[in-house]
């Protein structure tokens, strides 16, 4: 079992360290540029409304969410939700994050393929992330006490379910990178930020992207360990 399996820690510690680094990078970069006011003194909410209009997204509402840095675009309700530290702040960091979320709204409008795929697999990914782990552990315990083929089958089912969550994490990468690229282009073309401020906003976007890479690496490492566990069970039959 992975609670005392050294192999589990060998596989999982590197992506975990990278995740800590990514989170620290995001926090430090956001804190740095959230203190830097943009030259127009424009709040995140004001910038969102400008960028939405510029992209013909008058049907998208802007709302406030209380969760810190819980900024996101909801394609099902056509709502762009901004946290107070982004929506109310006239900072360079706020405009970078807002442009990123507007980038998701543009993806939704244009039918960006990876975003459509990600939305389609959300139910399966939620199922896989919850029950994949449960099936793997349940199957392992069944096999440990009975050495039955049924336990091996349950583990295999868990691997399949968890693979759906890994697929979701993988598909998320192009969605997020594309949204950031759109954000950089929008900020440059709109003139909302000065040249040096664009570089700062880009740094915020690059730091945020690291968290998605880290999450994907963690998911793949977890899946890899489950597969090794399954192969070990098969070889011991």
Exercise. Can you name every residue in the range 22-45 that is within 25 Å of the chain's Cα centre (by Cα) and surrounded by 13 or more Cβ atoms within 10 Å (Cβ to Cβ)?
Worked result: 22, 23, 25, 26, 29, 30, 32, 33, 34, 43, 44, 45
Exercise. Considering 48, 120, 124, which residue is assigned to a helix (DSSP H, G or I) and touching a strand residue (DSSP E or B) at 6+ places or on another chain (Cβ under 7 Å)?
Worked result: 48
Exercise. Take the residues of the range 181-195 that are surrounded by fewer than 21 Cβ atoms within 10 Å (Cβ to Cβ) and assigned to a helix (DSSP H, G or I): which is farthest from the chain's Cα centre (by Cα)?
Worked result: 195
For this session: Might you check whether a residue that is in a loop (DSSP other than H, G, I, E, B), within 15 Å of residue 187 (Cα to Cα), in contact (Cβ under 8 Å) with a residue 24 or more places away in the chain and in contact with a strand residue (DSSP E or B) (Cβ under 9 Å, 6 or more places away or on another chain) occurs anywhere in the range 51-68?
Result: no
For this session: Please work out which one of (1) part of a helix (DSSP H, G or I); (2) surrounded by fewer than 23 Cβ atoms within 10 Å (Cβ to Cβ) is the condition residue 81 fails and give its number.
Result: (1)
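Mind telling me which of the residues 179, 208 ends up being within 23 Å of residue 31 (Cβ to Cβ) and in contact with a strand residue (DSSP E or B) (Cβ under 9 Å, 6 or more places away or on another chain)?
Details: 208 fails: in contact with a strand residue (DSSP E or B) (Cβ under 9 Å, 6 or more places away or on another chain).
The conditions single out 179.
No lab work stands behind these numbers, since they all come straight from the coordinates. Everything numeric here is computed off the predicted structure, so don't read it as measured data. A quick note on method: Cβ atoms are made from the backbone with ideal geometry, for glycine too, and the neighbour counts reach across all protein chains shown.
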